[in-house]
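> I'd like to ask some things about the structure below.
No value in this document is a laboratory result; all are computed from the given coordinates. Everything numeric here is computed off the predicted structure, so don't read it as measured data. Positions of Cβ are generated from backbone atoms using ideal geometry, with glycine treated the same way; all protein chains shown enter the neighbour counts.
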Amino acid sequence: MQLITEALLQRVLDRRAFLSHATTAMFGVALTRLLGGLEVRATGRSSAASLALPHFAPKAKQVLHIFCPGGTSHMDLWEHKPELEKRHGQPLSGEENMVSFQGKNGSLMRSPWPFVRAGQSGKMISSMLPHLAQHVDDIAFIHSMTSRTNTHGPGCVFMNTGFAREGFPSAGAWISYALGNANENLPAFVAMPDIRGEPPNGKANWSNGFLPAHLQGVALSAQQPLRNLERPAGLSATEDAATRAFLQKLNEQHALANPGDTELRARIAAYELAARMQLAAPESTNLGAEPAHIHRLYGTDDLNSLKAAYARNCLLARRFLERGVRYVSVYCASRASGVDGLLNWDAHKTLKPDYERHCPIFDQPTAALLTDLKQRGMLEDVLVLWTTEFGRMPTHQEGTSGRDHNPDGFTCWMMGAGVRGGISYGATDDFGRRAMQNVTTVYDFHATVLHLLGLDHERLTFRHNGADRRLTDVHGHVIREILV
């Protein structure tokens, strides 16, 4: 009976395939000639879809990317500005009538909190980050970052993809494309949105763009577990296995008949991954398996529900990295809301209460994740990145006690595999207004990340619409001063 059913189904599929493709067959022949020798890299499994080997010996094998959307203020957290403290209340010389993103700016405004020396390096860091201060000797701060946009959505996408408009692959997709995954039972690229929601421009931040569809980041977090992992009650394990085997046979036959259909292959790969994740995901996401002291370290049971939720995501990120996920993005905050600075770091009107809300959510769980990775020896392979989309103005917005957007100078940092710790590279001017020393771009940042993974950013390309596209577009230089 089963053989008869299979044969009948195959005849139906063959007849439908013939009818659906008959009218376009000649167009397919012409397209094949136009495409010529174009290599299709995508196959049914993520590891086979990679370039297999890095260009040279890597320092890092995995990436943890921590992103704080909203335009986090560099001179209030990371870059101490004594001159800003001295000139508080004075106009910014030469820019007395400066009009930025939301309007006219007022006078210079010092940080509401003191900076303190931390670590053997004596790095000055905000007193609002006492837990992260314990890691300054392992961090390479880049204080001269610049962006090409002062708008949140394009800024977030630019930091993640190297382009200010949507439709381009994210760094996680590029790295998954190049290196594949070390665990075929889990995604190569996981994006972990904050419990407060997705970042500005949402899924475009972990998009595959024009790369094969299976390289898109999988949105997965402690508050958003995978659904439908359990086998239906009326289906036995034997029937489930037989059904999947039959489906795989049909998929393989169809893929052979349509070798250039990468969307189909990506869909097949996604379903195959989903089947494997039925076994792997419940164990990977089981935070209850972690001992009590680890939960205390992260603060997963904190009375602040937002902090506890972010802490659980940080702990889950470590578990994914342990199991070979290539690229993990963790977001701390979300889109802007009707009240500036409520859901993310966009403190236009009330900087002090906004950051006194956000810093405690961010500080302990992030520092715990870094501590945990270090204690387990994972920083030998894991490269940690911290970014935001742009910085803030050293002045206050007219009529407010907040700061406006500033794409002309801000801070990002790296830590872990291949990175020199305890250093500060580049600087903004005395007030934090513009990058002045060793001015750095997002392209340079991405080129450095790829270099640490053993990839030449100029050689990692994908042919799209007649151009060899790359993460760094036509720009970028490796920041060698921060490398071991």
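> Would you mind checking which residues have amide H under 5 Å from Asn406's amide H? H placed 1.01 Å from N; only 5 or more apart, or other chain.
HN-HN under 5 Å from Asn406: Gly391, Arg392, Met393.
> May I ask you to order 85-96, 443-454 by the average number of other C-beta atoms within 10 Å around their residues, highest value first?
Numbers: 85-96: 13.2, 443-454: 23.6.
Per-residue mean Cβ counts within 10 Å order the peptides as 443-454, 85-96.
> Quick one: length gained pulling Ser305 to Glu95 fully straight, 0.36 nm per residue minus the C-alpha distance? Numbers along the way, then the final one.
Values: separation 210, 0.36 × 210 = 75.60 nm, distance 4.17 nm.
Going from the current span to full extension adds 71.4 nm.
> Decide, for segment 348-484, between rounded, prolate and oblate: order the square roots of the alpha carbon gyration tensor eigenvalues as a ≥ b ≥ c, take rounded if a/c falls under 1.5, and otherwise choose prolate if a/b is larger than b/c, else oblate.
Oblate is the answer for segment 348-484, as a/c is 1.5 or above yet b/c matches or exceeds a/b.
> Related question: Once amide H atoms are built 1.01 Å from N in the peptide plane, which residues 5 or more positions from His464, or in another chain, come under 5 Å H to H?
Close amide H contacts, sequence-distant or interchain: Arg469.
> Report, ordered by chain and residue number, the aspartates and glutamates lying within cross-link reach of Lys104, taken as a straight Cα distance under 18 Å and ignoring same-chain residues fewer than 8 apart.
Glu95, Glu96, Asp340, Asp346, Glu398, Asp404, Asp408
> Next question, about the same structure. Convert each backbone phi in segment 363-380 into a coupling constant with the Karplus relation 6.51 cos²θ - 1.76 cosθ + 1.60 (shift: θ = phi - 60°), then list the ³J(HN,Hα) values in order as whole Hz, x for Gly and Pro.
5, 5, x, 5, 4, 5, 4, 5, 4, 4, 4, 5, 4, 8, x, 7, 6, 5
> Please give the net charge around Leu343, taking every other residue with its beta carbon less than 12 angstrom from that of Leu343, where Lys and Arg add +1 and Asp and Glu add -1.
Numbers: positive: Arg196, Arg335, Arg357; negative: Asp194, Glu198, Asp340, Asp346, Asp354.
The answer is -2.
> Could you pull out every residue, at least 5 positions away or on a different chain, whose amide H is within less than 5 Å of the one on Val384? Hs are placed 1.01 Å off N in the peptide plane, and Pro or chain starts have none.
Here Leu64, Met415, Gly416, Ala417 satisfy the definition.
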